[in-house]
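Everything on this sheet refers to the single structure shown next.
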């Protein structure tokens, strides 16, 4: 059995290790895999993008715990979702939006027998999500966690849209290498395209990172299928001074808008 973890907890504090301890206490044979704990603090859409990009590379039956939870302790609900052969556990705040098919069944986690004996109002990752994920990995029926709901929260990663004759997109994420992951796709880049960001115009498309000339900004189709803005062996994000959420413009006579 495999359980993955995606959080904004970082690794300086003991939060991730504590969650793992809880899960191993319930499912000692579980394989625990860290997808990332470096989601930008409170960034629900970034977490939604990361889990969408990652989950399908795990075997069917994997349980994915996603905890980016600025509403912890409030009226927001914890949920469990079976989808595409996997099970997802996290807060009902949109963090699972990108893995929810149209006919999805979403369950409100209410069965307190599955929680730790004492539930903190500030650490549901430890007291609710970790133990429930471990019980699901052990094979309990997902229906046993609580009632099915239909009014769950969705916040899909936005796609690019037209504005003033241009296609306007956004930065979804900046990776460790400083590559700027946008919400553009390859089909948006027609011949003669120009991506404008932070006062610069990027007009070259490369098939891989090494094709870029030293000091040259270029576009590349990343492993997630989104267009990335890159700098060969350098941080495009640092040089462009852009962060997640920054707006970009695409001019392309043949772009598929």
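Throughout, read-outs are computed from the coordinates displayed, never taken from laboratory work. As the structure is a computational prediction, the values presented were derived from the model and not from experiment. Cβ placement follows ideal geometry from the backbone for every residue including glycine, while neighbour counts extend to all protein chains displayed.
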Two-site label geometry, residue 52 and residue 112: point separation in nm, points 7 Å out along Cα→Cβ: 3.7
Shape category assigned to the stretch 122-257 from the gyration tensor of Cα positions, a/c cut at 1.5: prolate
Angle between the chain longest axis and helix 44-54 axis [Cα atoms, degrees, rounded to 10]: 90
Segment residue 198-residue 151, extension gain: residue separation times 0.36 nm, minus the distance between their alpha carbons: 13.0 nm
Antiparallel bridge percentage (DSSP; both residues within the chain; nearest 5): 70
Spatial extent of the stretch 1-44: Rg and Dmax, with the Cα atoms as the point set, Å: 11.0, 32
Share antiparallel - DSSP beta bridges, the stretch 2-149, percent rounded to 5: 45
Rounded if a/c under 1.5, otherwise prolate or oblate - the stretch 81-161, Cα gyration tensor axes: prolate
For Rg and Dmax of the Cα atoms in Å, calculated from these coordinates, the label among (i) 17.6, 56; (ii) 20.0, 90; (iii) 20.1, 61: (iii)
Choice from 66, 95, 174 showing the highest fluctuation, given a GNM over the chain with Cα pairs closer than 10 Å: 174
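So what is the 222 nm mean residue ellipticity for the chain from helices alone, if each DSSP H run of at least 4 adds -39500 (n - 2.57) and you divide by all residues, rounding to the nearest 500 deg cm²/dmol?
For the chain, the value works out to -4000 deg cm²/dmol.
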